[in-house]
1. If you check LEU108 against the conditions, is it closer than 24 Å to GLN134 by Cα and either assigned to a helix (DSSP H, G or I) or open to solvent by 70 Å² or more (accessible area, probe 1.4 Å) (or both)?
2. Based on what the data block shows, is ARG91 open to solvent by 60 Å² or more (accessible area, probe 1.4 Å), over 30 Å from GLU41 (Cα atoms) and either outside any helix (DSSP H, G or I) or touching a Ser or Thr at 6+ places or on another chain (Cβ under 8 Å) (or both)?
3. Could you check the stretch 66-88 and list, in sequence order, the residues that are open to solvent by 30 Å² or more (accessible area, probe 1.4 Å) and part of a helix (DSSP H, G or I)?
4. Of everything in the stretch 1-22, what is more than 19 Å from ASP62 (Cα to Cα), of a type outside the set (D, E, K, R) and over 20 Å from the mean Cα position of the chain (by Cα)? Give them in sequence order.
5. Of all residues being within 19 Å of ASN107 (Cα to Cα) and of a type in the set (A, V, I, L, M, F, W, C) in the stretch 150-170, which is modelled with the lowest pLDDT? Just the residue, please.
6. Determine which member of the set VAL51, VAL60 is of a type outside the set (Lys, Arg), out of contact with any Leu (no Cβ under 9 Å at 6 or more places or on another chain) and touching a residue at least 40 places away in the same chain (Cβ under 8 Å).
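The values are calculated or read from the model by the stated rules, or taken from the named source; none is laboratory data. Bear in mind the structure is a predicted one, so any value in this text is a computation, not a measurement. Please note: Cβ atoms are built from the backbone with ideal geometry, for glycine as well, and neighbour counts cover all protein chains shown. Surface accessibility is based on the protein's heavy atoms, side chains included, excluding ligands, DNA and RNA. Shrake-Rupley method; radii C 1.70, N 1.55, O 1.52, S 1.80 Å.
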Amino acid sequence: MKTLIVENLRKIKKVMPKIEKKIDVRISVLKGGKVSVKGKELDEFVAEKIVEAVDFGFDVEDALLLRNENFSLKFIDIKSHTRRKNLKDVRARVIGTSGKAIKTIENLTGSIIVVHDNRVGVIVDSDHLDAVVQAFASLIQGAKHGNVFAYLEKQNKEMRKFSNGDLGLK
């Protein structure tokens, strides 16, 4: 049994039946904004990650991608990548005009991204995890959006080359 402290208890209560149905666990609400998860050890771990993702702000359907072992949940703290005091501007750089930067990164990597306070939450497959983390670190540190998108496109191209069985030895 694992116990988690959640901020958005109402949202967790709303999605509890769906999570319990998809994963063989029992989720119960305790006093003080705590949630306990009971089940097999691996199922508990997956349910813990899903509850953490939903609590952060992800949609439950997106969070359920974490059932697949190739997907992982990663949080990037904006404060740890910059010395700037005006974090509102840094968040604006990460999000982009009308969310364009996030949408572009999601399209290039197949990830799901949520920005909450001074943290960026990413659900992404393990192949693109390092590239996405590097892309957000670069954006937070002030790199041009075009350079970041070019980096992600280059990473996609390299991954496709190796996935086709070509080792690039020609």
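1. Yes.
2. Working: open to solvent by 60 Å² or more (accessible area, probe 1.4 Å): yes; over 30 Å from GLU41 (Cα atoms): yes; either outside any helix (DSSP H, G or I) or touching a Ser or Thr at 6+ places or on another chain (Cβ under 8 Å) (or both): no.
Against the criterion (open to solvent by 60 Å² or more (accessible area, probe 1.4 Å), over 30 Å from GLU41 (Cα atoms) and either outside any helix (DSSP H, G or I) or touching a Ser or Thr at 6+ places or on another chain (Cβ under 8 Å) (or both)), ARG91 does not qualify.
3. Answer for the stretch 66-88, where residues must be open to solvent by 30 Å² or more (accessible area, probe 1.4 Å) and part of a helix (DSSP H, G or I): ARG67, LYS79, SER80, HIS81, LYS88.
4. Answer for the stretch 1-22, where residues must be more than 19 Å from ASP62 (Cα to Cα), of a type outside the set (D, E, K, R) and over 20 Å from the mean Cα position of the chain (by Cα): MET1, THR3.
5. For the stretch 150-170, the residue satisfying everything is MET159.
6. Result: VAL60 is the single residue among VAL51, VAL60 that is of a type outside the set (Lys, Arg), out of contact with any Leu (no Cβ under 9 Å at 6 or more places or on another chain) and touching a residue at least 40 places away in the same chain (Cβ under 8 Å).
Each row is one residue, and each column tells you yes or no for (1) on the phi > 0 side of the Ramachandran plot; (2) surrounded by 16 or more Cβ atoms within 10 Å (Cβ to Cβ); (3) assigned to a strand (DSSP E or B).
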site: LEU4; (1), (2), (3): no, yes, yes
site: ARG10; (1), (2), (3): no, no, no
site: PRO17; (1), (2), (3): no, no, no
site: ILE27; (1), (2), (3): no, yes, yes
site: GLY32; (1), (2), (3): yes, no, no
site: SER36; (1), (2), (3): no, no, yes
site: LEU42; (1), (2), (3): no, no, no
site: ALA47; (1), (2), (3): no, yes, no
site: VAL51; (1), (2), (3): no, yes, no
